[in-house]
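Taking it in order: structure first as structure tokens, then the write-up.
The values are calculated or read from the model by the stated rules, or taken from the named source; none is laboratory data. Since this is a predicted model, take the numbers as computed values, not measurements. In this analysis, Cβ positions are derived from the backbone assuming ideal geometry, glycine residues included, and neighbour counts consider all displayed protein chains. When the accessible area is computed, the model is the full protein with side chains, heavy atoms only, and any ligands, DNA or RNA have been set aside. Shrake-Rupley method; radii C 1.70, N 1.55, O 1.52, S 1.80 Å.
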Amino acid sequence: MRLRLFGFLVLLSTVGFSQVDIDMNHTQFWDYETQQPIIILSDSVYLIGKDLSPRKIKPLDLDKSHLNRLVPTRIKNKTYLYDSAGGIVVHYENQRFKRIDQSFSHKNQYNSAYFTYKNSIYLLGGYGLFTFKNILIAYDFDSNEWFLKKTSGDIPKYISTTIFTLVGDKLYFVDTGPMHSRETHENLVYALNLKTFEFEYLGKSLLNKKLNFRNRLKDGRLISLDDDTNFILDFENNTIKQVITQPRLHPDSKILKYDSDNDSYVLLTKNFGNNEIRFEEITAQSLEYKTISSEPIYQSDGERLRQGIIYSGILVVFLGFSYFGYRWRTYYTKLQINITKRVVTTRGREIKSLNPEELDLLFFIAKQPNYVEYSELMHQLNYDAPYDTLKKKRQALISQTQEKLIPIIGEKAKQLFIIKQDVKDKRNKVIKLNKSLVVIVK
């Protein structure tokens with residue numbers, strides 16, 4: 001076995017690790033003692049330096065965890081690696097790895113939010129052993145054990161996340177809820193105050209893109225790299241920006257360290273096409289060369305309620321304007337018969353085409369509270385003529401009044417008068433003005 005491993009190392013060192021397609025999910029970190037990058041391939045082999053020189057180490061007893069899947073962190077100028085599912089903690093110094101925990105591979109906090117705060121390692125939520133968690137545990141470097149931390153506030157029922165970051169004293173995360181569960185669950189955004197360990201529900205996530213936020217910027221923002229177009233999550237200001245970078249960056253690129261003196265990052269990345277491993281230093285400014293768009297990450301319930309009220313208010317106002325506009329337009333376009341002033345108007349203008357007899361006819365019928373007998377119109381004509389002549393005159397007066405109004409209010413003028421048989425006496429007819437076309441002003 002040792003002979004095979006030796007041959008494997010000789011072969012890879014001859015061919016060059018940079019030409020090998022390395023799994024970018026393997027543990028990678030910056031060795032601040034030697035100022036060199038490190039990539040852990042397995043429990044017994046790691047690469048060091050930009051030339052990716054192979055090194056062999058004696059495998060550690062890591063229970064069911066693996067060295068090349070641990071999470072690196074920096075505490076008090078020392079490098080540690082830990083299992084994000086809980087349990088194993090390893091100290092790295094002088095190119096040596098040493099397990100320091102007095103625990104075991106928990107394997108019950110997969111998809112947890114893992115982070116370092118004030119010289120402590122924390123794991124929040126996750127799933128394992130057929131259950132989903134909402135617990136917060138912290139590693140104690142004095143006892144080398146994990147301990148449960150008590151939390152309060154808007155504690156989620158389950159916590160499962162791949163998008164989380166530490167900004168100041170707050171941990172922000174997008175809770176995707178239980179995986180492979182029949183329970184319906186919306187992606188929700190929370191903040192955990194690490195001074196008080198109190199949860200705060202922020203709102204419903206608006207992220208609808210499948211992005212890989214594996215890299216954290218110097219100020220706690222998260223960045224998803226995709227060729228020359230990136231997405232930056234800013235939880236503190238509730239924005240997701242789409243930006244263009246100056247250099248093209250492979251989506252698998254991983255930030256290894258931030259240099260505050262030069263305001264730059266060292267990245268482990270790949271060449272497009274052949275996936276050849278390489279290291280690149282880029283300025284922080286070049287990652288946000290140009291902003292294309294900006295949207296909110298989440299929408300709070302208060303904001304949704306406020307928007308709902310605003311939209312409802314706008315709708316009510318719109319409907320109100322529509323209703324009153326319709327009423328006004330209908331009123332404005334009707335014939336307005338002013339009995340007192342003896343004036344007939346429409347659209348704000350007086351109708352002068354009607355003669356005195358036609359006006360008298362309209363005013364007489366308008367004064368009546370309801371139907372008036374058709375025969376009463378005979379007395380309004382004030383003609384000394386035979387009955388048959390008066391009947392013809394009455395019909396002609398009604399017809400010519402309608403005809404004169406057609407150019408003014410249209411064909412509906414033909415329905416200006418409603419004439420029907422008297423309910424009490426079928427031999428008589430009654431008449432009134434059509435209120436859908438007329439407004440009577442007294």
Note down the relative contact order for the chain as a percent, whole number, built from C-alpha pairs under 8 angstrom at least six residues apart.
8 percent
With helices defined as uninterrupted DSSP H runs, which ones in the chain have an alpha carbon span along their own long axis of at least 15 Å and mean Kyte-Doolittle hydropathy of at least 0.5?
2-15, 356-367
Of 86, 264, 189, whose Cα points farthest to the positive end of the dipole of the chain (charges on the beta-carbon: +1 Lys, Arg; -1 Asp, Glu; origin at the Cα centre)?
189
Net charge dipole size for region 98-240 [Lys, Arg +1 and Asp, Glu -1 on Cβ; Debye, nearest 20]:
320 debye
Looking at the chain as a GNM with Cα springs under 10 Å, which of 221, 427, 394 has the largest mean-square fluctuation?
427
In debye to the nearest 20, the charge dipole size for the chain, taken about the Cα centre with +1 at each Lys and Arg Cβ and -1 at each Asp and Glu Cβ, equals 2480 debye
Taking 60 Å as R0, compute the FRET efficiency from the Cβ-Cβ separation of residue 333 and residue 219 and round it to 0.05.
0.40
When you take every Cα atom in region 54-96, what is the radius of gyration, and what is Dmax, the widest Cα pair distance, in Å?
10.6, 29
Only helical DSSP H runs with n ≥ 4 go in: add -39500 (n - 2.57) per run for the chain, normalise by residue count and round the 222 nm mean residue ellipticity to 500 deg cm²/dmol.
-6500 deg cm²/dmol
The local net charge around residue 437, scoring Lys/Arg +1 and Asp/Glu -1 for residues other than residue 437 whose Cβ lies under 12 Å from its Cβ, equals +4
Along the positive direction of the dipole of the chain (beta-carbon charges: Lys, Arg +1; Asp, Glu -1; about the Cα centre), which of 421, 229, 408 reaches farthest?
421
Centre separation in Å (Cα based) which lies between region 130-199 and region 387-442:
80 Å
Name the most mobile residue of 33, 376, 280, meaning the one with the largest mean-square fluctuation, in a Gaussian network model of the chain with Cα contacts below 10 Å.
376
Please express the shape of the chain as an equivalent ellipsoid: the semi-axes are the square roots of 5 times the eigenvalues of the C-alpha gyration tensor, given largest first in whole angstrom.
89, 24, 18
Which of 350, 186, 93 moves most in a GNM of the chain, Cα contacts under 10 Å?
350
Computed for region 347-442: size of charge dipole around the Cα centre, +1 on C-beta of each Lys and Arg, -1 on C-beta of each Asp and Glu, debye to nearest 20, value 400 debye
Row for region 143-257, column shape: gyration tensor on C-alpha, a ≥ b ≥ c, rounded if a/c < 1.5 i.e. under 1.5, prolate if a/b over b/c, else oblate; value prolate
From highest to lowest solvent-accessible area (probe 1.4 Å; ligands, DNA and RNA excluded), 117, 289 read 289, 117
Partners for residue 157 among lysines (Cα-Cα distance below 18 Å; same-chain residues under 8 apart left out):
133, 149, 204
Keeping every protein chain present and rolling a 1.4 Å probe, give me the accessible area per residue for the chain in Å².
57 Å²
Residue 50: which aspartates and glutamates have alpha carbons under 16 Å from its alpha carbon, excluding same-chain residues fewer than 8 sequence positions away?
21, 31, 33, 276, 280, 281
Please enumerate, by chain and number, the lysines with C-alpha under 17 Å from the C-alpha of residue 435, excluding those fewer than 8 residues away in the same chain.
334, 367, 412, 414, 420
Taking all protein chains in place and a 1.4 Å probe, what share, in percent, of the accessible surface of the chain do carbon and sulfur account for?
50 percent
